[in-house]
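Shown next, in structure tokens, is the structure this report addresses.
The values are calculated or read from the model by the stated rules, or taken from the named source; none is laboratory data. Just so you know, these numbers come straight off a predicted model, no measurement behind them. Backbone-built Cβ (ideal geometry, glycine too); neighbour counts: all protein chains shown.
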Amino acid sequence: MSAPRFRFAPSPTGIFHIGGARTALMNWALAKRLGGTFVLRIEDTDEARNRPEWTEGIIDSLAWIGISRDDPTFEGPYFQSAYADQHVAAAQRLFDAGHAYYCDLTPDEIQQRAAAEGTQGYGGWSRDRGLGPGPGRVLRFRVAAGTTVVHDAVRGEVTFDNAVIEDFVLLRGNGSPMFLLANVVDDLTMGITHVIRAEEHLPNTPKQQMIWEALGHTVPQWAHVPVLVNEQRKKISKRRDKVALESFRAEGYIAEAMVNYLMTLGWSPRGGEEIVAWQVVEDEFRLEDVNLSPAFFDLKKLAAFNAEYLRRMTPEQFAEAAEPWLAQWRAAHPGAVWDQQRFLAMVPVIQPRVSTLAEAPGVVDFLFLPHPQFDEASLAKALATDEAAGIVADSIAAFTTCDWTCDAINAAFAEVAERHGLKLGKAQAPVRVAVSGRTVGPPLFESLEALGRDETLRRLRALPEGVRVP
RNA sequence: GGCCCGUUCGUCUAGAGGCCUAGGACACCACCCUCUCAAGGUGGCGGCACGGGUUCGAAUCCCGUACGGGCUGCCA
């Protein structure tokens with residue numbers, strides 16, 4: 001048995017869809033495990049031909065989720081137009097063998113006839129007229145009587161009554177091949193053995209199967225996986241929903257989390273653990289195990305996956321992964337003074353507090369800004385209290401002399417709190433706001449240690465007159 | 001309208017006739033931990049769409065109903 005070949009044929013629209021990413025991943029997992037090939041074929045449209053960057057975008061997105069063109073399993077990209085001659089040649093063979101016939105009825109005429117007969121669609125009126133090719137004449141496939149059974153790896157046998165499948169068009173009036181034909185011819189000339197795609201294509205499958213068989217080939221293994229839906233339970237669409245893989249990437253979702261989450265939609269790894277390495281997916285993914293019903297793409301769960309992946313990183317990995325977003329932050333805050341060592345020291349406390357990399361700068365931004373950005377509510381809540389001034393004054397005194405380590409700062413401040421008869425949690429608020437501008441944030445003493453004694457004292461002293469409410 | 005597909009907690013899933021008093025994850029709630037916020041820990045809430053069969057026994061098999069979705073071009 002020769003090695004299986006999986007084709008992935010996204011329609012180029014300028015964005016690469018999360019749904020497309022999921023089917024690509026399924027194809028990829030199987031191609032890898034079975035020692036097969038992942039064949040990328042770009043559908044041929046005028047727009048796509050004029051915009052090579054769309055194709056590059058698809059390749060780039062695939063690479064991000066681990067489907068790299070540099071991997072020997074990857075083949076392509078191919079473009080449909082590369083086989084244009086064969087599309088027409090195949091149509092000719094179909095005609096010669098009697099599997100197709102010409103029809104000169106225009107869409108309008110077909111509609112009129114259907115209306116007159118009280119039916120819908122094309123009624124096969126030209127079937128036995130023996131027409132030859134000619135301008136304006138379309139070539140239609142002669143659908144045989146009986147039934148067509150599609151053997152689907154996900155859904156089992158699906159039976160279609162051929163009587164409800166009209167004689168569909170293979171070649172347009174201008175002689176150009178229809179997508180359906182082109183698709184099948186491409187698949188068989190490229191030796192495709194597995195067609196894994198979204199369920200929406202299931203109704204077209206019997207037509208494609210008929211062409212495969214009429215051309216004398218055995219059909220590939222079909223597999224129609226359920227679509228991804230939005231909260232309204234409608235198929236996600238780029239008009240209504242956020243579906244671009246790239247937008248998730250730009251928001252700081254990491255590829256491993258995205259890949260892992262996407263694969264849990266309609267399928268789950270054995271063993272009950274759903275956060276798994278790609279290798280597990282590669283080892284365990286089976287089409288027979290894919291669910292039959294549509295899955296809702298849940299942003300919250302994706303975020304949870306992403307947060308988990310972020311927490312599992314080493315501080316070094318996290319810092320490296322976050323760098324693009326840090327750079328972005330620096331560019332947006334020219335007045336800030338970046339200190340990489342200071343950032344690195346804070347990474348362990350940032351990690352459990354973010355669910356995307358894009359949130360990382362916001363957790364510790366006050367450490368690099370020349371002045372904290374005070375938020376009004378925090379000021380009122382923590383600094384406009386009776387004890388606040390005293391605590392700040394005592395803190396200045398304590399911090400001037402204590403050792404400058406997290407533990408020492410903690411101990412020194414504990415004494416201040418006790419002197420004021422307050423719990424640590426309550427007492428730290430004014431200091432936190434004085435230093436960071438907010439009532440919530442990373443652990444105070446770690447932050448102060450990272451900030452340094454001088455800057456900490458400066459901010460505390462600056463408070464009475466230096467406070468600026470935005 | 002026709003054809004096709006689907007239906008387990010709010011969401012994603014485990015479940016292939018007795019292991020199911022239906023398990024896990026996300027979300028939500030409570031408590032614990034705690035220098036705020038997180039993270040972590042413990043617990044809670046919550047589901048087999050409905051009706052008939054088949055069977056000693058059904059979330060699992062069959063039929064029907066309801067609801068949801070997809071497809072129905074000389075688009076790709």
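At a glance:
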| read-out | value |
| --- | --- |
| Test: A:Ala163 is among the hydrophobic types (A, V, I, L, M, F, W, C), surrounded by fewer than 11 Cβ atoms within 10 Å (Cβ to Cβ) and near RNA strand B (Cβ under 9 Å from one of its atoms) | yes |
| Members of region A:88-118 that are surrounded by fewer than 11 Cβ atoms within 10 Å (Cβ to Cβ) and either over 17 Å from A:Arg172 (Cβ atoms) or of a type in the set (Val, Ile, Thr) (or both) | A:Asp96, A:Gly98, A:Ala115, A:Ala116, A:Glu117, A:Gly118 |
| All positions within region A:390-417 that are in a helix (DSSP H, G or I) and in contact (Cβ under 8 Å) with a residue 40 or more places away in the chain | A:Ile391, A:Val392, A:Ser395, A:Ile396, A:Phe399, A:Thr400, A:Cys406, A:Ile409 |
| Test: residue in region A:92-101 that is in contact with a Gly (Cβ under 8 Å, 6 or more places away or on another chain) and in a loop (DSSP other than H, G, I, E, B) | no |
| Residues of region A:132-147 satisfying the condition of being part of a loop (DSSP other than H, G, I, E, B) and over 14 Å from A:Pro177 (Cβ atoms) | A:Gly132, A:Gly134, A:Pro135, A:Gly136, A:Arg137, A:Arg142, A:Val143, A:Ala144, A:Ala145, A:Gly146 |
| Which numbered condition A:Pro372 misses (of (1) in a helix (DSSP H, G or I); (2) within 15 Å of RNA strand B (Cβ to nearest atom)) | (1) |
| Sole exception among (1) of a type in the set (Val, Ile, Thr); (2) within 10 Å of RNA strand B (Cβ to nearest atom); (3) outside any strand (DSSP E or B) for A:Val150, by number | (3) |
| Tabulated pairs, region A:105-130, first within 20 Å of A:Ala163 (Cα to Cα) and touching a residue at least 12 places away in the same chain (Cβ under 8 Å), second near RNA strand B (Cβ under 8 Å from one of its atoms) and among the small types (Gly, Ala, Ser), C-beta under 8 angstrom, 6+ apart or interchain | A:Ile110/A:Gly121 |
| Cβ-Cβ under 7 Å pairs, at least 6 apart or on other chains, region A:310-325 side closer than 15 Å to A:Arg353 by Cβ, far side of a type in the set (Gly, Ala, Ser) and part of a helix (DSSP H, G or I) | A:Met313/A:Ala321; A:Ala322/A:Ala360; A:Trp325/A:Ala358; A:Trp325/A:Ala360 |
| Every residue from region A:315-336 that is among the polar types (S, T, N, Q) and closer than 18 Å to A:Glu251 by Cβ | A:Gln328 |
| Filtered residues of region A:154-173 (kept if over 30 Å from A:Phe285 (Cβ atoms) and without any contact (Cβ under 8 Å) to a residue 24 or more places away in the chain) | A:Asp161, A:Ala163, A:Val164 |
| Residues within region A:308-328 that are within 13 Å of RNA strand B (Cβ to nearest atom) and under 29 Å from A:Phe38 (Cα atoms), tallied | 1 |
| All positions within region A:285-302 that are surrounded by fewer than 17 Cβ atoms within 10 Å (Cβ to Cβ) and either over 17 Å from A:Thr23 (Cβ atoms) or hydrophobic (A, V, I, L, M, F, W, C) (or both) | A:Leu292, A:Phe296, A:Asp298, A:Leu299, A:Lys300, A:Lys301 |
| Scope region A:326-346; condition under 15 Å from A:Glu359 (Cα atoms) and not in a helix (DSSP H, G or I); matching residues | none |
| Residues of region A:22-63 satisfying the condition of being acidic (Asp, Glu), closer than 28 Å to A:Phe296 by Cβ and more than 16 Å from the chain's Cα centre (by Cα) | A:Glu43 |
| All positions within region A:52-85 that are within 13 Å of A:Gly14 (Cβ to Cβ) and surrounded by 15 or more Cβ atoms within 10 Å (Cβ to Cβ) | A:Trp54, A:Thr55, A:Gly57, A:Ile58, A:Asp60, A:Ser61 |
| Number of the condition not met by A:Ala48 [criteria: (1) among the small types (Gly, Ala, Ser); (2) touching a strand residue (DSSP E or B) at 6+ places or on another chain (Cβ under 6 Å); (3) modelled with pLDDT under 95] | (2) |
| Criterion violated by A:Val138 - all others in (1) free of Cβ contacts under 8 Å to residues at least 60 places away in the same chain; (2) of a type in the set (A, V, I, L, M); (3) more than 7 Å from RNA strand B (Cβ to nearest atom) satisfied | (3) |
| Matching entry among A:Thr189, A:Thr205 (being more than 10 Å from RNA strand B (Cβ to nearest atom) and touching a residue at least 40 places away in the same chain (Cβ under 8 Å)) | A:Thr189 |
| Residue count for region A:285-307, restricted to those that are in a loop (DSSP other than H, G, I, E, B), within 7 Å of RNA strand B (Cβ to nearest atom) and not charged (D, E, K, R) | 4 |
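Rundown of residues vs (1) at pLDDT 95 or above; (2) within 7 Å of RNA strand B (Cβ to nearest atom); (3) crowded, with 21+ Cβ neighbours inside 10 Å; (4) not in a helix (DSSP H, G or I), yes/no style:
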site	(1), (2), (3), (4)
A:Gly173	no, yes, no, yes
A:Ile211	yes, no, yes, no
A:His224	yes, no, yes, yes
A:Phe248	yes, no, yes, no
A:Met258	yes, no, yes, no
A:Pro269	yes, no, no, yes
